[in-house]
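S.K.: Okay, here's the structure, questions in a sec.
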Amino acid sequence: MAVERGGLTLRTRVVWGVGAVSRLGELARAEGFTRVLLVADPGLVAAGHVARAEAALDAAGLDFARFSDFGENPDGLMCVRGLAAFREADADALVALGGGSSLDCAKGIGFLATGGGRVRDYRGWAKARRPLPPMIGVPTTAGTGSEAQSYALLSDEDTHEKLACGDPSAAFRVAVLDPELCVTAPRAVTATAGFDALSHAVESYVTSVRSPFSDLFAREAFTLLARHYARVLEAPQDVEARGAMLMGSFLAGSAIEQSMLGAAHACANPLTARYGVPHGEAIALMLPHVVRFNAAVVGARYASLLAEIGESVAPQVAGEALALRLETLARLGDLPRHLRERGVSLDAIPALAEDAATQWTGTHNPRPFDAAAARELYACAL
């Protein structure tokens with residue numbers, strides 16, 4: 001979904017509910033799929049989710065092949081391997097099953113399948129040479145919200161830089177949201193993915209390009225995520241709580257589609273590129289400090305966000321109140337609190353800050369963000 005000419009364009013059909021993955025075959029058939037490449041996180045095989053997806057495709061009479069040769073942060077080379085699998089299967093469509101890595105990898109394969117070249121050629125917006133193959137996204141974590149977006153976040157295979165590659169045809173035709181698929185996620189994955197989703201709601205709510213649509217999605221996303229994050233960590237089999245997180249993640253992804261992100265993601269990406277810090281951990285390290293940094297200009301908006309979960313605070317103290325709540329949730333998820341826990345030293349800050357200042361998301365931060373601001377934020381997180 002995206003904003004165009006002041007309006008709202010809906011590109012993705014949402015199919016929601018416990019057991020919804022059983023409808024995958026009929027949904028693919030209805031979209032005209034005939035030969036499918038199933039891009040699936042290898043860890044989902046043991047959980048049985050891949051078998052369920054394949055059974056649904058088989059029952060609908062669809063030919064399919066599986067591709068799982070990719071990692072947590074899919075890069076250009078992984079997408080090239082996926083392209084080879086796509087061609088070998090003579091596929092005409094993609095189904096992505098898994099977390100954000102599966103969903104983004106499928107989009108990367110789609111860019112290469114119709115346009116050739118390398119993933120880095122598609123950085124930015126509307127660089128696809130031809131429309132991507134039709135795709136269905138089936139998230140198994142409540143995290144990136146990629147199933148709601150027309151962007152893929154991929155890594156350059158040489159520099160490890162994060163590349164945001166977007167195109168209208170990179171949106172999934174259908175997003176299948178089945179909370180039952182999330183109950184097997186390891187606790188660490190639930191924690192990092194959930195915090196990432198929270199950050200999407202918080203950041204998209206205050207960007208300089210926000211809209212009434214992003215406000216709508218971000219508020220509801222924050223409400224669902226903030227109220228259920230602790231519950232899914234305490235009771236991972238609670239399907240209702242998992243469903244709330246999954247819907248919150250989708251709505252937060254929808255908010256990104258309307259208003260993008262801010263300085264927390266600009267600071268997080270270099271931590272992943274240079275130190276291999278998992279994205280959700282990098283976000284947990286930076287977001288509270290970014291909230292405090294931004295509070296001088298968007299304190300009233302932070303107050304209204306907290307009001308959605310029943311906390312009444314004055315705008316002057318809302319930034320600190322929200323930052324403290326985020327830090328509490330990060331502790332519940334056993335997420336790191338300091339950069340030094342991930343091997344980042346004081347001497348590393350200038351180079352990290354220079355990288356952060358080049359990140360596209362930083363241009364949408366509500367308070368002006370540059371290398372000096374990044375140095376300040378990294379120092380606070382050290």
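The values are calculated or read from the model by the stated rules, or taken from the named source; none is laboratory data. Treat the numbers as computed from the prediction; the structure is a model and nothing was measured. Here Cβ is always computed from backbone atoms with ideal geometry, including for glycine, and neighbour counts include all displayed protein chains.
S.K.: Taking the stretch 210-252, which residues are of a type in the set (Val, Ile, Thr) and either modelled with pLDDT under 95 or surrounded by 23 or more Cβ atoms within 10 Å (Cβ to Cβ) (or both)?
M.R.: Filtering the stretch 210-252 for residues of a type in the set (Val, Ile, Thr) gives 223, 232, 239.
Listed by number, the list holds a single entry, Val232.
S.K.: Across the stretch 18-40, which residue is nearest to Leu97 (Cα to Cα) among those that are without any contact (Cβ under 8 Å) to a residue 60 or more places away in the chain and touching a Leu at 6+ places or on another chain (Cβ under 8 Å)?
M.R.: Here is the first cut: in the stretch 18-40, the residues without any contact (Cβ under 8 Å) to a residue 60 or more places away in the chain are 22, 25-26, 29-30, 34-36, 38.
Filter again for touching a Leu at 6+ places or on another chain (Cβ under 8 Å), leaving 25, 29, 34-36, 38.
Numbers: Gly25: 13, Arg29: 17, Thr34: 18, Arg35: 16, Val36: 12, Leu38: 7 Å.
It comes out as Leu38.
S.K.: Could you list all residues from the stretch 250-293 that are farther than 15 Å from His160 by Cα and among the charged types (D, E, K, R)?
M.R.: Passing the criteria: Glu257, Glu281, Arg292.
S.K.: Another one. Which condition from (1) modelled with pLDDT under 95; (2) more than 30 Å from Pro368 (Cβ to Cβ) is the one that His160 breaks?
M.R.: (2)
S.K.: Which of the numbered conditions does Val239 fail, given that it passes all the others? Conditions: (1) touching a residue at least 24 places away in the same chain (Cβ under 8 Å); (2) of a type outside the set (S, T, N, Q); (3) over 23 Å from Glu180 (Cβ atoms).
M.R.: (3)
S.K.: What is the residue count in the stretch 9-62 for residues that are assigned to a helix (DSSP H, G or I) and either in the same structural domain as Ser259 (by TED's automatic domain parsing) or basic (Lys, Arg) (or both)? Before the answer, list the steps.
M.R.: Within the stretch 9-62, the subset assigned to a helix (DSSP H, G or I) is 20-30, 44-47, 49-59.
Narrowing the set further to residues that are either in the same structural domain as Ser259 (by TED's automatic domain parsing) or basic (Lys, Arg) (or both) leaves 23, 29, 52.
Residues in the stretch 9-62 being assigned to a helix (DSSP H, G or I) and either in the same structural domain as Ser259 (by TED's automatic domain parsing) or basic (Lys, Arg) (or both): 3 in total.
S.K.: State whether one or more residues within the stretch 134-147 are surrounded by 19 or more Cβ atoms within 10 Å (Cβ to Cβ), more than 17 Å from the chain's Cα centre (by Cα) and in a loop (DSSP other than H, G, I, E, B).
M.R.: Yes, the conditions are met somewhere in the stretch 134-147.
S.K.: Is it the case, given these coordinates, that Leu177 is without any contact (Cβ under 8 Å) to a residue 60 or more places away in the chain, touching a strand residue (DSSP E or B) at 6+ places or on another chain (Cβ under 7 Å), of a type outside the set (S, T, N, Q) and buried (at least 23 other Cβ atoms within 10 Å of the Cβ)? So that I can check it myself, show each step before the final result.
M.R.: Numbers: without any contact (Cβ under 8 Å) to a residue 60 or more places away in the chain: no; touching a strand residue (DSSP E or B) at 6+ places or on another chain (Cβ under 7 Å): yes; of a type outside the set (S, T, N, Q): yes; buried (at least 23 other Cβ atoms within 10 Å of the Cβ): yes.
It is false that Leu177 is without any contact (Cβ under 8 Å) to a residue 60 or more places away in the chain, touching a strand residue (DSSP E or B) at 6+ places or on another chain (Cβ under 7 Å), of a type outside the set (S, T, N, Q) and buried (at least 23 other Cβ atoms within 10 Å of the Cβ).
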